[in-house]
Amino acid sequence: MSLVERHDSTTAAGWDGGTGSVGDYFALLKPRVMSLVIFTALVGIVLAPGGLHPVLAGTALLCIAIGAGASGALNMWYDADIDLVMSRTASRPVPAGRVTAEEALAFGLTLACGSVLMIGLAVNLLAAGLLAFTIFFYVVVYTMWLKRSTPQNIVIGGAAGALPPVIGWAAVTGSVSLESIVLFLIIFMWTPPHFWALALFKSSDYEAAGVPMLPVVRGPRSTRNHILIYSLLLAPIGLTPTLIGLAGPVYGVAAAALGLVFVWLAVDVWRRREGPLATRAAVRLFLFSIFYLFALFALLFVERLVTLAMPGLGKGLALALGFGG
């Protein structure tokens with residue numbers, strides 16, 4: 001019997017599930033978001049004092065990635081109705097009909113429970129608790145409540161996306177410290193200008209879906225004001241790792257330069273109010289914001305590896321650049 005004949009006979013027997021492929025289920029995990037989660041969690045693991053056996057570190061990272069994927073699948077399950085009317089999301093597996101809502105829900109819950117259980121058993125209970133809280137916050141607090149009820153949805157909901165480096169830190173140390181909170185704050189303050197820049201040139205999608213994003217509720221002018229304010233707050237927070245000794249002078253100089261560019265692009269968004277130039281400014285800020293966050297965490301990661309390999313190099317650079325005495 002051919003694959004087509006088996007499918008037809010299964011349908012005739014009452015099968016009402018989706019026809020999703022492996023690729024569709026992978027898409028449910030929101031792989032682009034997951035890649036950011038994995039990278040920031042890895043930086044948290046590498047920066048944390050002490051050490052963790054490579055197998056346990058890999059297990060922790062895998063569980064954090066699966067937990068992020070579970071959040072994505074549950075988000076797509078709940079948001080299928082609004083995803084269907086937004087051009088950016090209409091082709092996702094659930095609104096496109098390739099995966100049923102029930103399948104997405106079961107898939108997400110299975111991954112969520114499995115990831116939390118595994119990290120708890122293999123690593124420590126604090127990391128498990130933080131991962132469980134992250135999934136709950138993203139799915140219940142952000143997706144089910146904030147996203148459809150307040151224009152501040154992305155501000156409060158951004159806490160979920162900012163927690164992976166804290167989970168990575170907790171996996172190594174069994175604690176949450178000032179350093180891990182600083183990593184959290186960088187992502188937390190980065191999230192609003194990043195998503196509001198996107199919302200400026202995708203506001204018609206959000207309006208059609210009934211999602212109260214800031215440009216829809218308060219208008220583009222208010223959104224531009226908010227973007228500028230958060231960008232001005234983000235730039236100095238990006239420098240904080242150097243100020244507290246978590247990063248070295250190379251990171252500090254680069255973070256200062258990147259922060260200035262971020263603010264300059266935010267000012268450009270604030271200045272350009274209408275027409276193609278305004279859209280282009282918002283797109284530039286959105287794209288640069290992705291690079292900005294990746295660059296900061298990549299610098300933290302590389303500096304840490306260099307410091308571990310050559311302990312005296314970081315102190316020498318600090319003295320040469322006037323950061324130490």
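Please treat every number below as a calculation from the coordinates, not as lab data. The structure presented is a predicted model; accordingly, all values stated were derived computationally and were not measured. Virtual Cβ from ideal backbone geometry, glycine too; neighbours counted across all protein chains shown.
Counted by Cβ distance under 12 Å from Ala266, the other residues give a net charge of +3, where Lys and Arg count +1 and Asp and Glu count -1.
So if each residue of separation counts as 0.36 nm, and I subtract the Cα-Cα distance between Ala90 and Arg271, what length gain in nm does that give?
The Ala90-Arg271 span can extend by a further 61.9 nm.
Ellipticity at 222 nm from helices only: DSSP H runs of n ≥ 4 in the chain, each -39500 (n - 2.57), divided by the residue count, give -24500 deg cm²/dmol. Cα centroids of the stretch 69-132 and the stretch 189-204: 23 Å apart. When the alpha carbon gyration tensor of the stretch 93-198 is reduced to an equivalent ellipsoid, its three semi-axes come out at 25, 22, 10 angstrom, largest first. Distances between every pair of Cα atoms in the chain, grouped in 10 Å steps from 0 to the bin holding the largest one, split as 6, 24, 30, 24, 12, 4, 1, 0 percent. To test your reading of the geometry: what angle, between 0 and 90 degrees and rounded to tens, separates the Cα axis of helix 31-47 from the longest principal axis of the chain? On a 0 to 90 degree scale, this one is about 30. If you plug the beta carbon distance of Ala257 and Val33 into 1/(1 + (r/R0)^6) with R0 = 30 Å, you get a FRET efficiency near 0.65. What are the trypsin sites (Lys or Arg not before Pro) within the stretch 85-183 that DSSP puts in a loop, where the Cβ has at most 14 other Cβ atoms within 10 Å? Filter output for the stretch 85-183: Arg88. The C-alpha atoms of the chain define a longest principal axis, and helix 54-78 lies at about 50 degrees to it.
Taking loop as defined by DSSP and a crowding limit of 14 other beta carbons within 10 Å, which trypsin sites (Lys or Arg not before Pro) in the stretch 170-247 fit? Write down the numbers at each step before the final one.
Values: sites: Lys202, Arg218, Arg221, Arg224; in loops: Lys202, Arg218.
Listed in order of number, the matching sites are Arg218.
Given a Förster distance of 30 Å, report the FRET efficiency between Trp145 and Leu232 from their Cβ-Cβ distance, rounded to the nearest 0.05. Plugging the Cβ-Cβ distance into 1/(1 + (r/R0)^6) gives 0.55. The long axis of helix 178-201 is offset from the longest Cα principal axis of the chain by roughly 60 degrees.
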